[in-house]
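Structure first, commentary second.
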Amino acid sequence: MQETSLRKRREDEKSLQSTEPKTTNLQKELGLFSGICIIVGTIIGSGIFISPKSVLSNTEAVGPCLIIWAACGILATLGALCFAELGTMITKSGGEYPYLMEAFGPIPAYLFSWTSLFVIKPSSFAIICLSFSEYVSSPFYAGCSPPQVVVKFLAAAAILVITMVNALSVRLGSYVQNVFTAAKLVIVAVIIISGLVLLAQGNTKNFENSFEGTKLSVGAIGLAFYNGLWAYDGWNQLNYITEELENPFRNLPLAIIIGIPLVTGCYILMNVSYFTVMTATELLQSQAVAVTFGDRVLYPASWVVPLFVAFSTIGAANGSCFTAGRLVYVAGREGHMLKVLSYISVKRLTPAPAIIFHGIIATIYIIPGDINSLVNYFSFAAWLFYGLTISGLVVMRFTRKELKRPIKVPIVIPVVVTLLSLFLVLAPIISMPAWEYLYCVLFMLSGLIFYFLFVRYKFGWAQKISKACQAPEPPPQASSDARPCLVSLILTRVPRRQGWTVKASSWICTAAT
């Protein structure tokens with residue numbers, strides 16, 4: 001009798017275990033080398049092909065220009081170390097959002113989410129696509145600037161194609177990313193090796209008196225940093241994959257300390273390569289710096305440079321669209337945006353509405369903007385929140401002492417990065433005020449209106465407006481001839497090589513027309 005009851009109890013335990021939901025845990029498969037490769041591959045994109053001219057125009061001499069590139073690398077390294085502490089202390093996804101929520105509460109966190117959706121991510125996408133169109137069109141307009149209509153039309157076409165690719169298939173988007181990442185590394189290697197060969201042959205004339213004619217102002221230094229740091233954007237991404245790093249408390253800071261200085265070295269060497277064949281004046285007059293370099297060094301194979309630069313920029317644009325679409329999706333899921341943006345195609349498993357929304361906003365930025373004004377617009381907003389987030393690290397050293405800190409940087413590092421961020425935000429406004437800064441501030445503050453109406457207090461009339469914008473939900477019963485639908489899912493992790501790991505939490509379907 002006792003044996004029977006024991007057997008029955010075991011069977012009951014097995015049946016209970018079988019009914020429990022199964023979850024997929026991420027495997028720690030990424031070592032130190034993989035972490036370094038992720039940093040290098042994420043940071044190197046379109047920036048190094050468009051920023052040299054803008055950095056030089058603000059420093060006016062070769063020596064200060066190279067110093068700015070090195071200083072940007074140091075600042076990016078220090079910022080990444082601060083984010084490594086935040087990422088291992090607050091293990092929540094969503095970028096800066098959970099860090100700001102823990103440090104300062106919901107309003108700064110919501111404003112970051114709002115600014116990312118409408119300012120930082122779409123302006124970044126627009127800048128990269130404008131860079132692509134300038135490099136593609138410049139060989140057809142030798143000796144003059146391509147017409148702005150042509151540049152903006154090509155940029156809009158690039159946004160349309162990339163948006164379609166990412167909306168149609170996760171796997172197709174990842175294939176595009178892999179191919180164009182390889183092309184990016186090829187062109188960087190070609191420029192660096194060619195420049196070093198020329199330098200070894202004695203082409204050092206342009207480096208003589210490299211500080212002559214320097215006329216720096218506080219605002220000019222700030223704008224030079226804006227353009228240099230644009231090329232380093234992505235330095236804060238590695239802590240998002242902490243769960244997949246082997247021995248993350250050792251490998252995460254090591255990957256940052258090795259990876260970002262490696263990128264800095266590449267950027268300085270690429271600028272040195274440019275200056276071996278162009279004077280400062282010639283570089284400023286060049287419509288596409290890398291194309292001019294290719295014409296002077298690689299002729300008759302100079303066509304390789306604009307082709308591979310175009311591949312590099314389109315790869316960066318694809319990666320930007322891929323990640324930003326998921327950010328919009330999460331915002332819709334959390335109730336910060338329309339619920340329709342949290343729908344995912346049940347057939348293709350892509351957040352198509354979120355990706356399309358992101359593409360539309362980026363296209364709007366292309367119409368009135370140019371690369372330099374958009375870089376200033378982007379950098380102002382980005383470094384405002386980078387500084388606020390890292391200042392939150394300092395605040396939590398005193399207000400959240402109970403939190404475990406597997407990685408703990410000396411407090412002087414977040415203090416220095418916060419002060420530098422404050423300088424980067426204020427210096428250009430004070431010495432060289434421009435309309436884009438005012439537009440950026442007004443747009444960020446407008447998020448407060450939506451926060452109080454739709455998120456905080458949820459006024460009845462505001463909810464009616466929100467519901468009017470939603471697609472109607474279908475009845476719960478399913479039919480055999482049901483049309484394709486969009487499903488709201490919670491993604492437990494962003495893509496891996498063999499597709500997506502998904503965990504369905506709620507099913508909100510609308511029939512696709």
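The values are calculated or read from the model by the stated rules, or taken from the named source; none is laboratory data. The shown structure was predicted, so the numbers you read here are calculated from the model rather than taken from an experiment. Backbone-built Cβ (ideal geometry, glycine too); neighbour counts: all protein chains shown. Areas reflect the complete protein model, heavy atoms only, side chains present, ligands, DNA and RNA absent. Shrake-Rupley method; radii C 1.70, N 1.55, O 1.52, S 1.80 Å.
Things to note:
Matching residues to (1) more than 22 Å from the chain's Cα centre (by Cα); (2) modelled with pLDDT under 80; (3) of a type in the set (Asp, Glu):
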| position | (1), (2), (3) |
| --- | --- |
| Ala156 | no, no, no |
| Ser174 | no, yes, no |
| Val179 | no, yes, no |
| Ala182 | no, yes, no |
| Val186 | no, no, no |
| Ile191 | yes, no, no |
| Gly202 | yes, no, no |
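- Scan the stretch 119-145 for residues that are open to solvent by less than 30 Å² (accessible area, probe 1.4 Å) and within 16 Å of Gly369 (Cβ to Cβ) and the total you get is 13.
- Evaluating Asn209 against the criteria (1) more than 22 Å from the chain's Cα centre (by Cα); (2) open to solvent by less than 40 Å² (accessible area, probe 1.4 Å) leaves one unmet condition, (2).
- A Cβ distance below 7 Å, combined with a sequence gap of six or more or placement on separate chains, defines the contacts here; from the stretch 353-369, residues that are farther than 12 Å from Asn166 by Cβ reach residues that are part of a helix (DSSP H, G or I) and hydroxyl-bearing (Ser, Thr, Tyr) in the pairs Tyr365/Ser123.
- Only one of the numbered conditions (1) under 27 Å from Gly332 (Cα atoms); (2) at pLDDT below 90 is violated by Ala126, and that is (2).
- Of everything in the stretch 378-429 that is within 24 Å of Thr115 (Cβ to Cβ) and aromatic (Phe, Trp, Tyr), the residue that is surrounded by the fewest Cβ atoms within 10 Å (Cβ to Cβ) is Phe423.
- Unique match (being modelled with pLDDT of 90 or more and buried (at least 16 other Cβ atoms within 10 Å of the Cβ)) among Gly234, Gly222, Gly228: Gly228
- Of all residues in the stretch 109-118 being aromatic (Phe, Trp, Tyr) and more than 30 Å from Pro147 (Cβ to Cβ), the one that is surrounded by the most Cβ atoms within 10 Å (Cβ to Cβ): Phe112
- Pairs with Cβ under 7 Å, 6+ apart, first in the stretch 252-269 and charged (D, E, K, R), second part of a helix (DSSP H, G or I) and open to solvent by less than 30 Å² (accessible area, probe 1.4 Å): none
- The set of residues from the stretch 351-382 being at pLDDT 80 or above and not in a helix (DSSP H, G or I) comprises Pro351, Ile367, Pro368, Asp370.
- Scanning the stretch 314-331 turns up no residue that is aromatic (Phe, Trp, Tyr) and within 18 Å of Leu185 (Cβ to Cβ).
- For the stretch 52-95, the tally of residues that are assigned to a helix (DSSP H, G or I), open to solvent by 10 Å² or more (accessible area, probe 1.4 Å) and acidic (Asp, Glu) stands at 0.
- Number of positions in the stretch 181-240 that are on the phi > 0 side of the Ramachandran plot and in contact (Cβ under 8 Å) with a residue 60 or more places away in the chain: 2
- Restricting the stretch 291-300 to residues that are touching a residue at least 60 places away in the same chain (Cβ under 8 Å) and either over 29 Å from the mean Cα position of the chain (by Cα) or not in a helix (DSSP H, G or I) (or both) leaves a set whose member that is surrounded by the most Cβ atoms within 10 Å (Cβ to Cβ) is Val297.
- When residues of the stretch 273-290 are limited to those that are surrounded by fewer than 21 Cβ atoms within 10 Å (Cβ to Cβ) and touching a helix residue (DSSP H, G or I) at 6+ places or on another chain (Cβ under 7 Å), the one nearest to Val197 (Cα to Cα): Val277
- Some residue of the stretch 151-168 being free of Cβ contacts under 8 Å to residues at least 60 places away in the same chain, assigned to a helix (DSSP H, G or I) and in contact with an Asp or Glu (Cβ under 8 Å, 6 or more places away or on another chain): yes
- Filter result for the condition that a residue is surrounded by fewer than 21 Cβ atoms within 10 Å (Cβ to Cβ), within 23 Å of Ala316 (Cβ to Cβ) and either touching a strand residue (DSSP E or B) at 6+ places or on another chain (Cβ under 9 Å) or not acidic (Asp, Glu) (or both), over Ile44, Ile38: Ile38
- Within the stretch 246-303, the set of residues being in contact with a Pro (Cβ under 6 Å, 6 or more places away or on another chain) and not aromatic (Phe, Trp, Tyr) comprises Asn271, Val289, Val291.
- Conditions (1) surrounded by 20 or more Cβ atoms within 10 Å (Cβ to Cβ); (2) farther than 23 Å from Pro52 by Cβ; (3) not β-branched (Val, Ile, Thr); number of the one not met by Glu246: (1)
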